[in-house]
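Notes to accompany the following structure.
The values are calculated or read from the model by the stated rules, or taken from the named source; none is laboratory data. Since the structure is predicted, the reported quantities are computational estimates derived from the model, not experimental observations. With ideal geometry, Cβ positions are generated from the backbone for all residues, glycine too; neighbour counts draw on all protein chains shown. Accessible surface is based on the protein model in full, side chains and every heavy atom, while ligands, DNA and RNA are left aside. Shrake-Rupley method; radii C 1.70, N 1.55, O 1.52, S 1.80 Å.
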Amino acid sequence: MRGLSKMADHRVAITMREIEDAVHQLVAQHRGVAFTALSSALPQCRWQTLFQVLHDLQEKGLVVLAPLPWDYEIRAEDANARIDGRTR
């Protein structure tokens, strides 16, 4: 049984850049995404890590975290701007 608990705790490593890319992709596809949907799409990430990446993106002016009654919505800072920060 001890071996099973160790396997359950194993997480596949994912870089901060890969998380940013996933956020960019989800927000671009859906114009906004709930935090719980993001965490479901990236089950190998801890919530703390996801919030850290989202905070960094928000500080860069790329996304907005809007509070919902039981969640957060992540959307592009400007609906007309590209989420990756590049010009058209």
Subject >> Residue count, region 47-71 (criterion: closer than 16 Å to ALA22 by Cβ and in contact with a helix residue (DSSP H, G or I) (Cβ under 9 Å, 6 or more places away or on another chain)) >> reply: 12
Subject >> Enumeration of residues in region 12-37 that are open to solvent by 90 Å² or more (accessible area, probe 1.4 Å), more than 14 Å from LEU57 (Cα to Cα) and in a helix (DSSP H, G or I) >> reply: GLN29, HIS30
**OP:** Keeping to region 38-70, report how many residues are in a loop (DSSP other than H, G, I, E, B) and either at pLDDT 95 or above or open to solvent by 80 Å² or more (accessible area, probe 1.4 Å) (or both).
**Re:** 5
